[in-house]
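As structure tokens, the structure follows; a few thoughts come after it.
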């Protein structure tokens with residue numbers, strides 16, 4: 001198989017599963033980088049860099065608030081993301097096409113019902129997580 005660029009890989013995934021807009025895929029990849037960096041794992045490799053589903057979902061929530069403020073929930077909904085389970089579907093679509101890697105024990109079900117998007121992105125709840133004392137280089 002010929003090498004496909006990121007845009008082409010995401011388009012191929014969306015051909016098989018058109019529920020989510022391309023922006024949702026790019027956003028989740030950006031949110032993964034943000035989460036890895038926030039957890040202090042950016043310079044690590046392999047298993048040490050792995051992000052658990054709950055960590056990833058919290059990173060997605062925080063990154064969405066940083067990027068979109070009080071409109072975060074509306075933006076995600078516009079892209080087809082209505083639940084944390086949808087985020088898991090997107091993640092595993094990217095695993096299936098080789099954009100992301102999963103551990104043998106990682107499951108889509110780990111993304112289900114972790115938080116309610118309406119609640120997580122309501123004006124009173126859309127606050128940033130305290131990741132502790134992070135070193136930003």
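General observations
- Criterion: farther than 14 Å from residue 84 by Cα, surrounded by 14 or more Cβ atoms within 10 Å (Cβ to Cβ) and either modelled with pLDDT under 95 or within 10 Å of the chain's Cα centre (by Cα) (or both) - qualifying residue of 56, 34, 3: 34
- Sole exception among (1) touching a helix residue (DSSP H, G or I) at 6+ places or on another chain (Cβ under 8 Å); (2) surrounded by fewer than 19 Cβ atoms within 10 Å (Cβ to Cβ); (3) more than 18 Å from residue 54 (Cβ to Cβ) for residue 93, by number: (2)
- Residue in segment 6-24 that is within 13 Å of the chain's Cα centre (by Cα), in a helix (DSSP H, G or I), at pLDDT 95 or above and under 19 Å from residue 118 (Cβ atoms) present: yes
- Any hit, segment 26-47, residues being assigned to a helix (DSSP H, G or I) and over 29 Å from residue 122 (Cβ atoms): yes
- From the options 105, 73, 69, residue that is modelled with pLDDT under 95 and over 24 Å from residue 119 (Cα atoms): 105
- Output for segment 74-87, where each listed residue is within 14 Å of residue 28 (Cα to Cα), in contact (Cβ under 8 Å) with a residue 40 or more places away in the chain and part of a helix (DSSP H, G or I): 76, 77, 86, 87
The values are calculated or read from the model by the stated rules, or taken from the named source; none is laboratory data. Being a predicted model, the structure only gives us computed values, none of them experimental. In this analysis, Cβ positions are derived from the backbone assuming ideal geometry, glycine residues included, and neighbour counts consider all displayed protein chains.
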